[in-house]
Amino acid sequence: MSVDDEAEWNDRRHDEEEDTSMESTAAPADSEGGMPCSDTWFFLAIYGPLYGLVCVFGLVGNCLSICVLRAGRSRRQAVSTHLLKALAVCDNVFLATAAAVQMYPAMATVGGQFEHLQRIYPYYQILAWPLAHIVQLVSVWMMVLVAGNRYVAVCYPLHASSLCSRRHVRWQIVAMVIACVVYSIPRFAEFRSVSLSV
């Protein structure tokens, strides 16, 4: 390829990139001022049955895990089963919260309830989103707590009985939940509702 051919090819590629960037910025906005793609079947499928199906499968799987962990009452695995049950409960709370917080605005937008959503969304954002973040944080740190306790049990088996007792694990869970709530308190001040009279 000669220098002229390469320069021409670069100019053509640059022109194509400009054309595509103009097309993407010149796309018409949503007529209701809502979320992009909110009136498409893809949006409806993702935030409707697909999202709900994932949440239902997760809830059922976690409930089955709790039932199985309750059935086996081995004394030796009491701490690990206690942690795994707590993890399953945290995940269930997270899935239920995520379904409510994510699915309701999307379904209201797609289902033609946009005016109702506009009235309640400021309060929804002030209260529901911080609660969802707290639940997500607790779920993530519960997994870290399980991993840390398993690390101590495997790598320091002689100290595991004193460091990973059931009493210590309960206090660790309580301290972790309190820390997550305290850490997330500023999220409640992140947004505020302002009434505008026009």
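The values are calculated or read from the model by the stated rules, or taken from the named source; none is laboratory data. Not measured: the values here are computed from a predicted model. Quick reminder, even Gly has a Cβ in these numbers, built from the backbone with ideal geometry, and neighbours come from all protein chains shown.
Kindly indicate whether SER184 is over 24 Å from the mean Cα position of the chain (by Cα) and among the polar types (S, T, N, Q). No: the conditions fail for SER184. Among the residues of the range 150-163, the one identified as touching a residue at least 24 places away in the same chain (Cβ under 8 Å) and within 29 Å of the chain's Cα centre (by Cα) is ARG150. Please verify whether LEU137 is closer than 26 Å to VAL79 by Cα and of a type outside the set (Phe, Trp, Tyr), treating the condition exactly as stated. Taking the combined requirement at face value, the residue satisfies it. Could you list, in sequence order, the residues of the range 84-113 that are surrounded by fewer than 18 Cβ atoms within 10 Å (Cβ to Cβ) and among the aromatic types (Phe, Trp, Tyr)? Result: TYR104, single match. Just one of the listed residues (PRO105, PRO130) is touching a Phe, Trp or Tyr at 6+ places or on another chain (Cβ under 6 Å) and closer than 30 Å to ILE178 by Cβ, and it is PRO130. When ARG187, ARG167 are checked against the criterion of being among the charged types (D, E, K, R), under 20 Å from THR81 (Cβ atoms) and without any contact (Cβ under 8 Å) to a residue 60 or more places away in the chain, ARG167 stands alone in meeting it. Just wondering, is there one or more residues in the range 123-142 that are touching a Ser or Thr at 6+ places or on another chain (Cβ under 7 Å) and loosely packed, with under 14 Cβ neighbours inside 10 Å? Yes, some residue in the range 123-142 is touching a Ser or Thr at 6+ places or on another chain (Cβ under 7 Å) and loosely packed, with under 14 Cβ neighbours inside 10 Å. The residue that is modelled with the highest pLDDT, counting only those in the range 160-198 that are surrounded by 10 or more Cβ atoms within 10 Å (Cβ to Cβ), among the aliphatic types (A, V, I, L, M) and within 16 Å of LEU127 (Cβ to Cβ), is VAL181. Among residues of the range 107-132 that are closer than 14 Å to ARG187 by Cα and at pLDDT 70 or above, those with a beta-carbon under 7 Å from a residue that is of a type outside the set (Ser, Thr, Tyr) and crowded, with 17+ Cβ neighbours inside 10 Å at least six positions away or on a different chain give the pairs ALA128/VAL101; TRP129/VAL101; ALA132/ALA98; ALA132/VAL101.
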